[in-house]
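Trainee: Before anything else, here's the structure in question.
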């Protein structure tokens, strides 16, 4: 029998992977994939709690988060593409001309 | 359908004409002159019909009012005072517009000219028929704006631009006083209502103001250790507005300079209509002045002094329009003097004053238009280059003579033979005599008589220098076209007969202004508020007093005749820079030096402005710049935090969340 805690553990593992990636990687695309991972971990949480407490609200909320993630991915990828066209690479830490 | 229902059209038609002429004037005949003429003609007809209506039935004045916002309204009040003023303004404006077709014939900016004069007429009519002081103030400012625009009509000339600016700024001093008066009036009335104004009561309506004169007179304020009632303060501030608009001393300096505009503008705005708005304002709020005799005395003295002061300067000017400008200031002084006599004769004061106002509008507009005709013909304004124009311009010369006789006040006392100026000016001088008789204060009377002598001298000096003697100019003078001479003739007829026909009924009609279905006041009660009694009946004055104004007028004519026609003594000996009196007059009492160089440059600019500038730069700027510098250096330091490395931000976020969790735990445990 798969209980609530299994879902929470899965979600925590995915979230940690995403966070680890965010803190160590440098490539823009990879960073975005890490953010997606963290968002999806949160969605798993939402759905799990929703099913556990028989409340539909969490699932509705999950749909919203998915839509939001899609929008974020679209904009983020567009920015990455634009940067790639100008600089031929997407190492985010190299993009610092507006810094002091 | 009552004719009064069309009253709103009186200012509206010229305002519409303004819009049409401004945008489409170029494509129309003569710069679109016919549209304002038609509109003002219609306004004139409506005004005339309303006046006839009120004349038959002075109790039933026209009063319409609509809610505007809060406790203010927009409205129309046409009582005897407003009715005659409306008729005069629209009539004179109509004639001057017709004349301007000829006068402005060669000007490329005709549409702008006719649009602006049309807007001016609309605004002036609006001033006259306002039923509350706020609305009046709005139109009052609008006529000021039009005056500014029209004085600077030839804005390419630096002197015209400067004159326009001077006129605008000088009258602004008066307007600020007027506005301050309205604010104090409003605050005092609000207090009189204890802050609760019932529905449908509009505080700034004239009727409402007059109903609360008792309350206003009871409120006192201490200024410079003197106990002054609010009523006196308000009346004096209103009079301050009148000083600015009507060119009374010391704010008269703009009016002679205003002659930089086209002559028709001088005739319309700076002789017949706008400058009389100040007199109209005082007449309109006259019940307040009646209860504030201190204010009335100041009105009388200032008017009398201005009448004499301006006349002395009129004696020595060589520019034909400037002579007329000083003459206007002087005659306005007469009107104000007449108003000031209210402390003895009551409402008769506005009667004589308004009578002179109307007559003055006719003959002064005529004088200006004649001068315009002369300028149009020979292309100069300097009287030293004129002369001998009598043969070349008989109609202009004849009408000018009529106007001069009217201004000087020729007539036979005791009969109804005389020019209109004779009846109206004599009425004021006789009222001044009555004033002297009952208050034993003869100063206004002496001012008035002396000014009458000087008036006669300067106007005939102008006439002789312009029309007689040898021509001192090469230009081939010619009579003006009939579109210009016909208005001259019409005005000349009015200058000749209007006074004789209307004197007694006019003054009686004016006295009905404050006794009708809208405003009904107990004048004697108002006088008691000011602690004095009115002289209701004054018998016929001594024969000598009746004849004296005519005697001084004839004396003035003789002096001018001998000096400038016969030239019994060589005038150029008197007129030299060595003669201290001439020098003083020619330099206009050094007003320019006093106002511009001493007051403006030395005191305001060098003393006040420069020290304020120093304080601003050294003290305030240090504080303001210091705050800016601190912020900048703090920002410079703090921005190092923004490394631009994604991992640092993530670490910061994670650390922040961790800190929050710890804090949350701590708080939960403590609770």
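Trainee: Where residues in region A:80-100 are within 12 Å of chain B (Cβ to nearest Cβ) and not in a loop (DSSP other than H, G, I, E, B), which of them is modelled with the highest pLDDT? Let's see the steps before the verdict.
Mentor: Within region A:80-100, the subset within 12 Å of chain B (Cβ to nearest Cβ) is A:90-100.
Subsequent filtering for residues that are not in a loop (DSSP other than H, G, I, E, B) retains A:91-94.
Numbers: A:91: 85, A:92: 81, A:93: 79, A:94: 80.
Per the stated criteria, the residue is A:91.
Trainee: Scan region B:389-401 for residues that are crowded, with 23+ Cβ neighbours inside 10 Å and under 29 Å from the mean Cα position of the chain (by Cα) and jot them down.
Mentor: Those that are crowded, with 23+ Cβ neighbours inside 10 Å and under 29 Å from the mean Cα position of the chain (by Cα): B:396, B:399, B:400.
Trainee: So residue B:440 fits all but one of (1) without any contact (Cβ under 8 Å) to a residue 60 or more places away in the chain; (2) more than 25 Å from residue B:534 (Cα to Cα); what number is the exception?
Mentor: (2)
Trainee: Mind checking which residues of region B:149-164 are more than 22 Å from the chain's Cα centre (by Cα) and assigned to a helix (DSSP H, G or I)?
Mentor: B:158
Trainee: Could you tell me which residue of region B:1-44 is modelled with the highest pLDDT, considering only residues that are farther than 21 Å from residue B:82 by Cα and assigned to a loop (DSSP other than H, G, I, E, B)? Quick ask: steps written out before the conclusion?
Mentor: Of the residues in region B:1-44, the ones farther than 21 Å from residue B:82 by Cα are B:1, B:16-38.
Among the residues that remain, those that are also assigned to a loop (DSSP other than H, G, I, E, B) are: B:1, B:28, B:33.
Numbers: B:1: 60, B:28: 77, B:33: 82.
For region B:1-44, the residue satisfying everything is B:33.
Trainee: Looking only at region B:466-479, which residues are surrounded by fewer than 22 Cβ atoms within 10 Å (Cβ to Cβ) and under 30 Å from the mean Cα position of the chain (by Cα)?
Mentor: none
Trainee: If you don't mind, another one. Looking at B:366, B:357 in this structure, which one is in contact (Cβ under 8 Å) with a residue 12 or more places away in the chain and closer than 30 Å to residue B:521 by Cβ? Talk me through it step by step, then tell me what you get.
Mentor: Numbers: B:366 fails: closer than 30 Å to residue B:521 by Cβ.
Within the list B:366, B:357, the selection yields B:357.
Trainee: Next question, about the same structure. Would you confirm whether any residue within region A:62-69 is within 14 Å of chain B (Cβ to nearest Cβ) and under 13 Å from the mean Cα position of the chain (by Cα)?
Mentor: no
Trainee: For region B:525-548, give me the residue count where each residue is at pLDDT 80 or above and either touching a helix residue (DSSP H, G or I) at 6+ places or on another chain (Cβ under 7 Å) or under 23 Å from residue B:211 (Cα atoms) (or both).
Mentor: 1
Trainee: So, residue B:598, is that one more than 30 Å from residue B:308 (Cα to Cα), surrounded by 10 or more Cβ atoms within 10 Å (Cβ to Cβ) and more than 14 Å from chain A (Cβ to nearest Cβ) or not? Walk me through it before giving the result.
Mentor: Details: more than 30 Å from residue B:308 (Cα to Cα): no; surrounded by 10 or more Cβ atoms within 10 Å (Cβ to Cβ): yes; more than 14 Å from chain A (Cβ to nearest Cβ): yes.
When the stated conditions are applied, residue B:598 does not pass them.
Trainee: Which condition does residue B:659 not pass, out of (1) closer than 23 Å to residue A:24 by Cβ; (2) more than 14 Å from chain A (Cβ to nearest Cβ); (3) exposed (fewer than 10 other Cβ atoms within 10 Å of the Cβ), if it passes all the others?
Mentor: Result: residue B:659 fails condition (3) only.
Trainee: Go through region B:508-552 and count every residue that is part of a helix (DSSP H, G or I), over 27 Å from the mean Cα position of the chain (by Cα) and farther than 30 Å from residue B:228 by Cα.
Mentor: Result for region B:508-552: 9.
Trainee: So which residues in region B:389-403 are assigned to a helix (DSSP H, G or I) and either modelled with pLDDT under 85 or under 14 Å from residue B:477 (Cβ atoms) (or both)?
Mentor: Hits for region B:389-403 are B:394, B:395, B:396, B:397, B:400.
Trainee: Continuing with the same structure: Of all the residues that make up region B:194-210, how many are assigned to a loop (DSSP other than H, G, I, E, B) and touching a helix residue (DSSP H, G or I) at 6+ places or on another chain (Cβ under 9 Å)?
Mentor: Filtering region B:194-210 down to residues assigned to a loop (DSSP other than H, G, I, E, B) leaves B:194-204.
Of the ones still in play, those that are also touching a helix residue (DSSP H, G or I) at 6+ places or on another chain (Cβ under 9 Å) are B:197, B:201-204.
Qualifying residue count, region B:194-210: 5.
Trainee: Let me ask something else about it. Output yes when any residue across region A:43-55 is assigned to a loop (DSSP other than H, G, I, E, B) and loosely packed, with under 15 Cβ neighbours inside 10 Å, and no when none is.
Mentor: Yes, region A:43-55 contains a residue that is assigned to a loop (DSSP other than H, G, I, E, B) and loosely packed, with under 15 Cβ neighbours inside 10 Å.
Trainee: Turning to a different aspect of this structure: Just checking, does region B:625-645 include any residue being under 19 Å from residue A:16 (Cβ atoms), within 13 Å of chain A (Cβ to nearest Cβ), surrounded by 10 or more Cβ atoms within 10 Å (Cβ to Cβ) and touching a helix residue (DSSP H, G or I) at 6+ places or on another chain (Cβ under 6 Å)?
Mentor: no
Trainee: Of the conditions (1) more than 10 Å from chain A (Cβ to nearest Cβ); (2) surrounded by 10 or more Cβ atoms within 10 Å (Cβ to Cβ), residue B:667 satisfies every one except a single condition; which number is it?
Mentor: In the conditions (1) more than 10 Å from chain A (Cβ to nearest Cβ); (2) surrounded by 10 or more Cβ atoms within 10 Å (Cβ to Cβ), residue B:667 misses (2) alone.
Trainee: How about region B:83-116: which of its residues are in contact with a helix residue (DSSP H, G or I) (Cβ under 6 Å, 6 or more places away or on another chain) and without any contact (Cβ under 8 Å) to a residue 60 or more places away in the chain?
Mentor: B:83, B:87, B:91, B:94
Trainee: So, one more: Only one of A:22, A:77, A:8, A:39 is without any contact (Cβ under 8 Å) to a residue 40 or more places away in the chain, in contact with a helix residue (DSSP H, G or I) (Cβ under 8 Å, 6 or more places away or on another chain), surrounded by 13 or more Cβ atoms within 10 Å (Cβ to Cβ) and more than 14 Å from chain B (Cβ to nearest Cβ); which?
Mentor: A:39
Trainee: Another question about this same structure. Does any residue of region B:137-157 turn out to be crowded, with 23+ Cβ neighbours inside 10 Å and touching a strand residue (DSSP E or B) at 6+ places or on another chain (Cβ under 7 Å)?
Mentor: The answer is no; no qualifying residue exists.
Trainee: Right, another one. Given (1) surrounded by 15 or more Cβ atoms within 10 Å (Cβ to Cβ); (2) more than 18 Å from residue A:68 (Cα to Cα), where does residue A:13 come up short, assuming only one miss?
Mentor: (1)
The values are calculated or read from the model by the stated rules, or taken from the named source; none is laboratory data. Because the structure is a prediction, the values reported are computed rather than measured. For neighbour counting, all protein chains shown are included, and Cβ atoms are generated from backbone atoms with ideal geometry for every residue, glycine included.
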